1. At 0.36 nm per residue, and after removing the present C-alpha to C-alpha distance, how many nm does the segment from His37 to Glu115 gain when stretched out fully?
2. Tell me, how many Å apart are the Cα centres for the range 24-55 and for the range 311-326?
3. Which whole-Hz couplings ³J(HN,Hα) result when phi for each residue of the range 232-242 is put into the Karplus expression 6.51 cos²θ - 1.76 cosθ + 1.60, θ = phi - 60°, listed in order with x for Gly and Pro?
4. Could you pull out the chymotrypsin sites (Phe, Trp or Tyr not before Pro) across the range 96-135 that fall in loop regions by DSSP (anything but H, G, I, E, B) with no more than 15 other Cβ atoms inside 10 Å?
5. For Glu359, Glu82, Glu148, which order do you get if you count the other beta carbons within 10 Å of each Cβ and list the fewest first?
6. By how many degrees, between 0 and 90 and to the nearest 10, does the Cα long axis of helix 415-425 differ from the longest principal axis of the chain?
7. Could you calculate, for the chain, the ratio of the Cα radius of gyration to the Kirkwood radius, expressed as Rg to Rh?
8. What number comes out for the charge environment of Leu230, summing +1 per Lys or Arg and -1 per Asp or Glu over other residues with Cβ under 15 Å away?
Amino acid sequence: MTALTPRLQTAFEKTKTVCFGRFMVDVPESAIVAWGHASMVLGIDFYQGGANAVMVEAMEFSKELKATEALYHDNISMFITEEDSIQPPGRIITGLESFDALNGLQIKGYYRWGEDGLVVSARPLRDDLAETVAEIKSITQRLRSREEHEIPMEPGNCLEYSFLRDKAVADAEPPIEHVRIGFRLKEFPDTHLSIYIAPPNPYNAESDTLEWQLEKLEKEHTAESSNHPLLKTKYFRRGPRQIHEWSNGWEALSRSPDQPGVHGIHDFVMDVKGVLKDVYKPYADIKMQTGVADNAAGAVKPSLTDDEAVAVWDRITSSIRVRPTTAPGTTAAGSPTPREPLGAVAATGKRCPQDGWWEPTETGLPQGGRREKFKAGQTLPPLVMAGPQSWWQKIRGERPAFSAATVWKLVAYDDKAAATNAAATKSPEREN
């Protein structure tokens with residue numbers, strides 16, 4: 001690792017640890033943190049101080065859907081449904097994805113989070129409507145506010161101003177997690193470093209690798225002109241690199257030459273392939289540039305020397321690591337303590353996240369009573385509903401039934417109390 005010069009020692013004398021996703025990194029205490037869009041299965045955008053603006057956006061979104069005709073649905077409006085939420089206060093609005101959509105939907109949950117605003121968004125197919133709404137509700141119940149310097153100890157993801165804890169029982173497939181974060185060095189404001197993490201690509205071809213793309217670019221420059229200015233790019237390092245458990249990385253640290261009207265810049269990049277289905281070994285794209293002003297690289301002369309740029313890169317990237325967490329608590333008997341709050345929701349076909357009594361959110365009474373007891377990890381079944389009886393079925397004493405996907409809601413942990421409530425809510429046999 002390149003040694004820090006005296007002025008870098010001053011900048012790094014005091015550092016802060018910033019958590020992002022399931023990871024954390026050390027940066028100078030004065031560094032400005034800039035978050036990008038995050039997606040935890042669904043899109044999550046947190047707006048500090050934006051509660052009122054988010055609710056205005058919700059009204060405008062609803063009006064826009066209602067005012068736009070759906071081309072392939074007899075020109076009815078794109079609006080489908082709207083559901084109010086009590087805790088947190090807000091609403092979930094569903095509409096067609098576009099005026100010419102057939103089965104594509106757009107679903108957005110708008111919420112007040114104290115003085116802040118939260119938007120959870122998705123674009124599922126119509127068949128996935130119930131599951132997506134359940135996921136939106138699950139996210140809002142697992143999400144909590146977080147100060148910038150807080151490093152949570154429970155499993156989950158650090159997001160901007162917030163923390164999303166993991167589900168009590170994981171889904172069959174690992175969650176699709178995208179996190180973007182950047183840092184601006186106050187002492188060297190032209191220096192920007194960013195980190196993007198995402199699930200690894202199972203179809204990653206050689207042409208997708210950083211190494212292959214650089215070689216291809218150099219061949220193109222050579223074919224264009226043997227004196228192409230970018231062929232004079234200076235490389236400080238170029239090859240494989242490991243950062244703790246991220247073992248399959250590849251980096252290229254370079255400085256481009258000065259060109260007319262554009263300063264040469266440090267352009268450092270590292271790609272980590274990651275490991276499939278391992279959320280702690282994701283794909284990672286790490287970049288650092290100098291000479292940045294007004295989001296344009298090369299607009300100003302880099303404030304860091306070559307050695308200093310490499311030292312900053314090494315110091316920050318080497319500190320990227322998995323955020324340590326504590327195991328979920330257990331009761332005296334050794335069984336998991338309830339982690340999902342009452343009111344937690346999960347859709348048909350998903351794993352039940354919590355032992356307890358669950359109730360469908362739809363109106364109408366399912367066959368055998370509204371409440372059912374499910375075990376954590378059990379696949380949640382469809383809702384069984386009693387259908388209308390025909391004349392012949394009434395004579396024979398038959399009751400038709402049909403099943404449909406539903407969203408189940410956790411209503412009780414206490415077996416005895418829940419059983420009493422379940423008995424009280426069972427429907428009496430109808431007179432034929």
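Each reported figure results from applying straightforward, stated rules to the coordinates on display, with no laboratory input. Please read all numbers here as calculations on a predicted model, not as lab measurements. Cβ placement follows ideal geometry from the backbone for every residue including glycine, while neighbour counts extend to all protein chains displayed.
1. On the way: separation 78, 0.36 × 78 = 28.08 nm, distance 2.00 nm.
Full-extension gain reported as 26.1 nm.
2. Comparing the Cα centres of the range 24-55 and the range 311-326, I get a distance of 20 Å.
3. Values, residue by residue: 8, 4, 9, 9, 8, 8, 7, x, x, 8, 10 Hz.
4. Answer in residue order: Phe99.
5. Values: Glu359 20, Glu82 15, Glu148 12.
Fewest to most other Cβ atoms nearby, the residues stand as Glu148, Glu82, Glu359.
6. 50
7. Values: Rg = 27.0 Å, Rh = 25.3 Å.
With Rg and the Kirkwood Rh in hand, the quotient comes to 1.07.
8. Values: positive: Lys216, Lys219, Lys232, Lys234, Arg238, Arg255; negative: Glu215, Glu218, Glu220, Glu224, Asp258, Asp267.
Surrounding charge for Leu230 is 0.
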